[in-house]
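Presented below is the structure to which this report refers.
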Amino acid sequence: MATRTDAPTRREQILKEAARLFAERGFHGVGVDEIGAAVGISGPGLYRHFAGKDAMLAELLVGISGQLLTGGKRRVAESGGGDPEALLDSLIEGHIDFALDDRPLITLHDRELDRLRDSDRKLVRQLQRQYVELWVEILREVYPGLAEPAARSAVHSVFGLLNSTPHLGRPGSLPGRGATAGLLHRMARGAFAAAAA
């Protein structure tokens, strides 16, 4: 979801490798030595960047929820109150970018959210609720006859559809990023149209 083009920091490298390893083998199946080795530092060297694995997990899950919300708000602001159809397409595109580019984080969220401290888990849920409500508002502008509870259910359903990317097969087995993104976009719009029918 990041739009930066400069080289990732050591901290970002650690988080990326931790997400990949946690998603592949589970949080308890990975040690700090393995994460360190993946980025070329000793396991104990990780403690210069993070208090431990729990801190990495919290930063990953809180971080991606915050990034999705920030990205959604930015798209709304950039639209300047313009065409709600275009804004809905923009929100879908942003979420598809996340779903295709950050697949390990989706797996991690599904498997490991309950491992977070209560305060971190509540923060993730709070950020996610705000993100959902942002979508609900735009969706109801596109489909004014859609009741709020139905709009919220539709948004959650589309997130489930888009966040299914870890189950689509290995990245090389997909038909190509552009084709996959296009398919997901059409399916999301189709689901929203069906909800409003």
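Taken together, the values in this text are just the output of simple stated rules run on the coordinates, not laboratory data. Since the structure is predicted, the reported quantities are computational estimates derived from the model, not experimental observations. Virtual Cβ from ideal backbone geometry, glycine too; neighbours counted across all protein chains shown.
Sort out for me the Cα centre separation of the range 68-134 from the range 138-187, rounded to whole Å.
So the separation of the two Cα centres works out to 12 Å.
So which aspartates and glutamates can LYS73 reach, going by Cα to Cα under 13 Å and dropping same-chain residues fewer than 8 places off?
Those aspartates and glutamates meeting the cut-off are GLU133, GLU137.
Could you tell me which label, among (i) 1.34; (ii) 1.10; (iii) 1.16, carries the value of Cα Rg over 2.2 N^0.38 Å calculated for this structure?
(ii)
Relative contact order for the range 38-168 using alpha-carbon pairs under 8 Å, separation at least 6, rounded to a whole percent?
Numbers: 80 pairs, mean separation 42.6, N = 131.
Relative contact order here is 32 percent.
Read phi for every residue in the range 142-157 and hand back ³J(HN,Hα) as whole Hz from Karplus 6.51 cos²θ - 1.76 cosθ + 1.60, θ = phi - 60°, with x for Gly and Pro.
Couplings: 6, 10, x, x, 7, 5, 4, x, 5, 5, 5, 4, 5, 4, 4, 5 Hz.
Using the beta-carbon distance between MET187 and TYR47 and R0 = 45 Å, what value does 1/(1 + (r/R0)^6) give for FRET efficiency, to the nearest 0.05?
Working: r = 44 Å, r/R0 = 0.97.
With a Förster radius of 45 Å, E is 0.55.
Explain nothing, just compute: Karplus ³J(HN,Hα) = 6.51 cos²θ - 1.76 cosθ + 1.60, θ = phi - 60°, for every residue of the range 71-81 in order, whole Hz, x for Gly and Pro.
With the stated coefficients, the range 71-81 comes to x, x, 4, 4, 5, 5, 4, 5, 6, x, x Hz.
Assuming R0 = 30 Å, can you tell me the calculated FRET efficiency for the pair HIS156 and ALA55, based on Cβ-Cβ distance, to the nearest 0.05? Could you put the intermediate results ahead of the total?
On the way: r = 29 Å, r/R0 = 0.97.
Efficiency at R0 = 30 Å is approximately 0.55.
Given LEU57, ILE138, TYR47, which one lies farthest toward the positive end of the charge dipole of the chain, if we put +1 on the Cβ of every Lys and Arg and -1 on the Cβ of every Asp and Glu?
Checking the options against the dipole of the chain, the answer is TYR47.
What distance in nm separates the two pseudo spin-label positions at ALA38 and GLU24, each 7 Å out from Cα along the beta-carbon direction?
0.7 nm
Across the range 91-96, in residue order, what do the Karplus-derived ³J(HN,Hα) couplings come to in whole Hz, using 6.51 cos²θ - 1.76 cosθ + 1.60 with θ = phi - 60° and x for Gly and Pro?
So the J values, rounded to whole Hz, are 4, 4, 4, x, 6, 5.
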